[in-house]
Amino acid sequence: MMKLSTGALITALGWMVSSTAVVGAVAFAMVWQSVFDFGGAYPPELVYFLLWPLLAFGAIITYSGARTLHRPILLLFSLSSVAIMLITLQYMPCFPIERCLVVP
């Protein structure tokens, strides 16, 4: 039977938290774009901004696990998660802080 180390479990937990934030950001961008195209109510911007602390928490957990395993390359998942969340910002029709005017 394979024995998992504490560092591997901590790293996997950090990856799961980071991936939850990324999935939430992609879903938020999809809903935002759908509302912009077809009308409806915009989701609150606070949802998107609360995903960043979740991503930071996942990155901290991943960093702790990577240090335990002495493998800094494991942080690439968290760095790519940040890149994906920044890319989702460009698919929003306007900045999340300001309200968009949708002309019918």
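FYI, it's all coordinate maths here, none of it is from the lab. Bear in mind the structure is a predicted one, so any value in this text is a computation, not a measurement. Don't worry about glycine lacking a Cβ; one is built from the backbone with ideal geometry, like all the others, and counts go over all protein chains shown.
Points worth noting:
- Set against the labelled values (1) 2, 10, 16, 14, 10, 8, 6, 5, 5, 4, 4, 4, 3, 3, 2, 2, 1, 1, 0; (2) 2, 12, 25, 25, 19, 12, 3, 1; (3) 2, 13, 21, 18, 13, 10, 8, 6, 4, 2, 1, 0, 0, P(r) over Cα pairs in 5 Å bins from 0, in percent computed from this structure falls on (3).
- Packing-based ranking, highest mean first, of 63-70, 18-25 given that Cβ atoms within 10 Å are counted: 18-25, 63-70
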